[in-house]
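Down below is the structure, laid out as structure tokens.
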Amino acid sequence: MESALHLHRAQTPLKDGGSDRNLWIERYRRIRSVSEKLCEPLALEDYVVQPESHVSPPKWHLGHTTWFFEHFLLGVHCPDYLPLNRVYDRVFNSYYESLGAPFPRERRGTLSRPTVEEVYSYRREVDTAVLEFLFCSAEPVLREALPVLELGLHHEQQHQELLLSDIKYIFWANPLRPAYRPVRNQAPLGTAHGKNTPNCEVTHFYRGGLIQVGAERELFSFDNEKPRHLTHVPPFVLSSLPVTNGEYMEFIEAGAYTNPLYWHSDGWKHSQGAGWTAPLYWELDCDGSWWTLSFEGMKRIDPNEPVVHVSFFEASAYAAWKSARLPTEFEWEHAASKLPAHGNFLESELFHPSPAGSHNGLLMGPNLANAQIDHPQQLFGDVWEWTQSAYLPYPGFRPLPGALGEYNGKFMCNQMVLRGGSCATPASHIRPSYRNFFQPETRWQFSGFRLADQTSKEEL
Ligand SMILES: [Fe+2]
């Protein structure tokens, strides 16, 4: 029997402006149900805690995504709708300062009310109102509301990944190290899926030139992916695979965490100040073996899996240690633009990156798993890939009008771009032009990286 997560893989074939009510209703129900399914394994107490300011309680995510529909859809397009509780406009507002001061992010874990039960009830009330709107509203009214409905659904999917990231951190912060779910069938390390040790030394050559980047018009995209435009990309080479745990262990063993020559100034200060010696969630056992946190609890690190939960600073230091660099976001997009966005996404329900080759069999069919591959692998899914590109507006960028203009544009300062989605990203949420962004010290997202380099003259 398929779970709600699996059902979501079959994305509704929607066109811009399409108002087939049944498709929208089905899609709304399906995406909203995934958020709740992800929370099913939680105990009541797990919903409320906030171990660090950057981590939000699961209860808050469930309320905030609901408030988004209530405020931006029902509040704007349903004149008769009465909000359930006006104070939720403050409690569940994340960062929309133009709507009034949000409740401080770092204090979300101090709120015992609304209770978890009340938050679920809030979801039921808003879902009922949204579905009634989708069933009954006049065609012109529905058409006008569809862009914000679609934005709300993608917003919900973004928070599904955040829910998983935050649940993992909440369990990590607890010395009991609770498991989110029981251990599944596990193969011996390094043999779970791929038979061979991944070789990240293999690279792919790109001639570059004047290329198109940014979102295609006919598909949904965020404002920060637009407008599509031309940019010049010099010839480059891109690693076939993301850097693995095994390769990253060599970086650690080489003493790179204590060598300032590999680090940006800010990265060195941050790493030293925070006492970093390995990626987030890694622990060294007394017998010298590395362990990490998974959703089944602590597990021995598989050297063939892509390294995950590293910051931009660590990724850059690794690249410097290898005398290489991170790709630019446009190099990454150029390499990914012709490839299907297949991979280990949230729907695989692993919630953990897996070794190269495993998703070919897992999600693309056994024939493709054995095919000769002449392009980079794992560009999509497994781990978000840090790029060396600062998160900046594209030429001609225009934020959405009104408060929704705060969604992306105001973060275009001091953050770096990541590409490709991760094992916690819903598959229907990702595309080659998708730009994720985080501060360079961020580690609690499912972030990894691959290497790039300039080409030698002989390759031209
Ligand atoms: Fe949000």
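Some notes on this structure:
- The lone criterion from (1) of a type outside the set (D, E, K, R); (2) under 24 Å from Ser358 (Cα atoms); (3) part of a helix (DSSP H, G or I) left unmet by Trp291 is number (3).
- Test result for Lys269, out of contact with any strand residue (DSSP E or B) (no Cβ under 6 Å at 6 or more places or on another chain) and assigned to a strand (DSSP E or B): no
- Taking region 111-133 as the range and being among the β-branched types (Val, Ile, Thr) and in contact (Cβ under 8 Å) with a residue 60 or more places away in the chain as the test, the residues that pass are Val116, Val119, Val126, Val130.
- Residues of region 63-105 that turn out to be part of a helix (DSSP H, G or I), more than 15 Å from the ligand (Cβ to nearest atom) and of a type in the set (Val, Ile, Thr), as a count: 1
- Residue within region 135-143 that is open to solvent by less than 30 Å² (accessible area, probe 1.4 Å) and touching a helix residue (DSSP H, G or I) at 6+ places or on another chain (Cβ under 6 Å) present: no
- Leu42 within 16 Å of the ligand (Cβ to nearest atom) and open to solvent by less than 50 Å² (accessible area, probe 1.4 Å): no
- Condition check for Lys338: open to solvent by 10 Å² or more (accessible area, probe 1.4 Å) and out of contact with any Ser or Thr (no Cβ under 7 Å at 6 or more places or on another chain): yes
- Some residue of region 286-293 being at pLDDT 95 or above, crowded, with 22+ Cβ neighbours inside 10 Å and under 24 Å from Tyr434 (Cβ atoms): no
- Pairs where the first residue, in region 272-284, is closer than 20 Å to Asp166 by Cα and open to solvent by 50 Å² or more (accessible area, probe 1.4 Å) and the second is assigned to a loop (DSSP other than H, G, I, E, B) and of a type outside the set (Gly, Ala, Ser), C-beta under 9 Å, 6+ apart: Ala274/Glu441
- Selection of region 106-126 for residues being basic (Lys, Arg) and away from the ligand (no atom under 16 Å from the Cβ) yields Arg107, Arg113, Arg124.
- Which numbered condition Ser35 misses (of (1) out of contact with any Ser or Thr (no Cβ under 9 Å at 6 or more places or on another chain); (2) modelled with pLDDT of 95 or more): (1)
- When the strands (runs of 3 or more DSSP E) confined to region 206-258 are screened for residues that are more than 20 Å from Leu379 (Cβ to Cβ), those reaching at least 3 such residues are found at 229-233.
- Residues of region 134-163 satisfying the condition of being more than 16 Å from the ligand (Cβ to nearest atom) and touching a residue at least 24 places away in the same chain (Cβ under 8 Å): Leu134, Phe135, Ser137, Glu139, Val141, Leu142, Arg143, Glu144, Ala145, Leu146
- Residue in region 53-62 that is surrounded by 14 or more Cβ atoms within 10 Å (Cβ to Cβ), within 16 Å of the ligand (Cβ to nearest atom) and either acidic (Asp, Glu) or at pLDDT below 95 (or both) present: no
- Considering (1) touching an Asp or Glu at 6+ places or on another chain (Cβ under 9 Å); (2) in a loop (DSSP other than H, G, I, E, B); (3) more than 15 Å from the ligand (Cβ to nearest atom), the lone condition that Val34 does not fulfil carries the number (2).
The values are calculated or read from the model by the stated rules, or taken from the named source; none is laboratory data. Small disclaimer: the values here were computed from a predicted structure and weren't measured. A quick note on method: Cβ atoms are made from the backbone with ideal geometry, for glycine too, and the neighbour counts reach across all protein chains shown. Heavy atoms of the whole protein, side chains included, go into the accessibility calculation; ligands, DNA and RNA do not. Shrake-Rupley method; radii C 1.70, N 1.55, O 1.52, S 1.80 Å.
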